[in-house]
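Working notes, structure below.
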Amino acid sequence: MTTEYDVLIIGAGSAGLSAALILGRCCRRVLLADGGPTRNAPSGAVHSFFSRDGIRPAALLHLGREQLAPYPSVEVKELKITALTKLAHGFQATGQTGQGHPATIVARRVLLATGVTDILPPLPGFRELWGSSVLHCPYCHGYEVRDQPLAVYGQGKPVVGLALLMSRWSADVVVVTDGPGHLTDYARQRLRRQGIAVHENPIARLVGTVRGGLRCVEFADGTYLERKALFLHPPQEQRSSFAADLGAHLTSKGAVWVDKQGQTTVPGLYAAGDMVPGQQQALLAAASGSKAAICLNEALTRTEVT
Ligand SMILES: Cc1cc2nc3c(=O)[nH]c(=O)nc-3n(C[C@H](O)[C@H](O)[C@H](O)COP(=O)(O)OP(=O)(O)OC[C@H]3O[C@@H](n4cnc5c(N)ncnc54)[C@H](O)[C@@H]3O)c2cc1C
C-alpha cells in the first residue's frame, strides 16, 4: 500500500494513542502504526494514571483504541515500521504489517512515539520478575510494596538517590551493589543515617515465587537476603533508531531532543513520550503526545492557510 497521510504516528502506546485522538478530532488523515507491546507490558497494572489507577496495561490501550473508532480519518494498523526516509515535502516509511505484508507509507509529517527499552542486568531473575517484583519506578509501584523489606540495586550516586527515595515507602531498605558499590564516604554516611545497609557481595540470582513475587537476593557466596521487591534504574536505549538515522539531535542521555512544540531538529519530524527527555510515566507520555499533536496540527494549518 502507498497512501498519503497528513501524519504517520509510529508507536501506539500512551503517547501515540493520545496524539491520534487529537489529530482525529482535527479531521487529519492519520495512520497509527502499532508495532507491538508497550514498555509496561510485563506489569500487572498501570498506577498513578488519573481516572485509571490500577487498570491493566492492555485494558488502557484497548480503551485508547476504542475511543479512536469514531474518527474516520484515523487508521490504526498492526504495522512495524522498518525504515523512514525524508522526502522533499514529507517522509516515506516502509514496514511490515501484522500479516507479514510489506507496506509503504507517505506522510507529510511523522510523530515518533516508539518509546524506550530497559536494559536489565544479565543476572538470573531480573528479566523473569521484571514488572512484578523487580521494579523501576516508586511512583508507579512503590505504594503496593510499602512497609515491606525492599532492595535497591545499583552502584554509585544513582543508587544512593534511589535508595534514599525508597525510604519514603519503607523503613527497611537495603542497597545491593553486586560487587564494589563505588560509594563515597559521604554517600555511605547518608545511607547509614537513613538506616540503609549496603551489601557489596556479588549477586548470583534473584529467587522468585511462582506468582512473580521476590523471595530473596541470593549472593555468589551462598548467603541470601529476604526481600519482597527490588528497585533499580536500569540504563535505557531507544526502541527505534529513526530519529538518529535521520540525523536528529539526541541528548547526552540518548533521549531524542525536541523543542517546545515537540519537534526534533529534523523539520517535520516530531517525537513524544518516553523517548524524549523528562520523567517517564504513561500519563506524561499521553500528555506529551497530545501536545505534539496540537503543535503539529497548527504547523500543518499554517502551511494550508494564507
Ligand atoms: C515494568 C514497567 C511498569 C510501569 N508501570 C507504570 C505505571 O504503573 N504507571 C505509569 O504511569 N507508568 C508506568 N510505566 C512507564 C510507562 O510504561 C511508560 O511511561 C509509557 O509506556 C510510555 O509511553 P510511550 O507511548 O512513550 O511508549 P510505549 O508505551 O513503550 O509505546 C511505544 C510503542 O511503540 C511501538 N514501536 C516501537 N518501535 C516501533 C516500530 N518500529 N514500528 C511501530 N511501532 C513501534 C512499541 O511496540 C510500543 O507499542 C512502567 C514501565 C515499566 C517498564
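The values are calculated or read from the model by the stated rules, or taken from the named source; none is laboratory data. The structure presented is a predicted model; accordingly, all values stated were derived computationally and were not measured. Positions of Cβ are backbone-derived with ideal geometry, glycine not excepted, and every protein chain shown enters the neighbour counts.
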Among the residues of region 175-188, is any within 14 Å of the ligand (Cβ to nearest atom), surrounded by 15 or more Cβ atoms within 10 Å (Cβ to Cβ) and of a type in the set (Val, Ile, Thr)?
no
Quick check on Thr117: is it within 30 Å of Leu164 (Cβ to Cβ) and in a strand (DSSP E or B)?
yes
Do any residues in region 44-57 that are not assigned by TED's automatic domain parsing to the domain that holds Leu135 have Cβ atoms under 8 Å from those of residues that are near the ligand (Cβ under 7 Å from one of its atoms) and of a type in the set (Ser, Thr, Tyr), where the two are at least six apart or on different chains, and which pairs are they?
Pro57/Thr38; Pro57/Ser43
Residue set Val276, Val256; condition in contact (Cβ under 8 Å) with a residue 60 or more places away in the chain, within 16 Å of the ligand (Cβ to nearest atom), β-branched (Val, Ile, Thr) and assigned by TED's automatic domain parsing to the domain that holds Gly16; output residue Val256
Residue among Leu79, Leu23 that is surrounded by 19 or more Cβ atoms within 10 Å (Cβ to Cβ), within 14 Å of the ligand (Cβ to nearest atom) and either among the aliphatic types (A, V, I, L, M) or part of a strand (DSSP E or B) (or both):
Leu79
Which one of the conditions (1) crowded, with 21+ Cβ neighbours inside 10 Å; (2) of a type outside the set (D, E, K, R); (3) under 24 Å from Asn297 (Cβ atoms) does Pro70 fail to meet, given that it meets all the rest?
(1)
Is there a residue being assigned by TED's automatic domain parsing to the domain that holds Ala113, within 25 Å of the chain's Cα centre (by Cα) and more than 24 Å from Pro42 (Cα to Cα) anywhere in region 167-188?
no
Verdict on Tyr71 being out of contact with any Ser or Thr (no Cβ under 8 Å at 6 or more places or on another chain), more than 10 Å from the ligand (Cβ to nearest atom) and in contact (Cβ under 8 Å) with a residue 40 or more places away in the chain:
yes
Please determine, by comparing only the residues of region 257-306 that are under 21 Å from the mean Cα position of the chain (by Cα) and of a type in the set (S, T, N, Q), which one is nearest to Cys140 (Cα to Cα).
Gln281
Is it the case, given these coordinates, that Phe242 is in contact with a helix residue (DSSP H, G or I) (Cβ under 7 Å, 6 or more places away or on another chain) and in contact (Cβ under 8 Å) with a residue 12 or more places away in the chain?
no
Is at least one residue of region 93-109 assigned to a strand (DSSP E or B), within 13 Å of the ligand (Cβ to nearest atom) and surrounded by 22 or more Cβ atoms within 10 Å (Cβ to Cβ)?
yes
Quick one: in region 26-52, which of the residues that are touching a Ser or Thr at 6+ places or on another chain (Cβ under 8 Å) and outside any loop (DSSP other than H, G, I, E, B) is nearest to the ligand (Cβ to nearest atom)?
Leu31
Out of Thr306, Thr265, Thr251, I need the residue that is farther than 26 Å from Val145 by Cα and modelled with pLDDT under 95. Which one?
Thr306
For region 217-234, does any single residue satisfy the condition of being exposed (fewer than 14 other Cβ atoms within 10 Å of the Cβ) and either closer than 30 Å to Leu111 by Cα or of a type in the set (Lys, Arg) (or both)?
no
Counting only residues that are within 24 Å of Arg168 (Cα to Cα), of a type in the set (A, V, I, L, M, F, W, C) and within 16 Å of the ligand (Cβ to nearest atom), how many does region 207-244 have?
5
If you go through Ala285, Ala244, the only one that is of a type in the set (A, V, I, L, M, F, W, C), surrounded by 16 or more Cβ atoms within 10 Å (Cβ to Cβ) and not in a strand (DSSP E or B) is Ala285
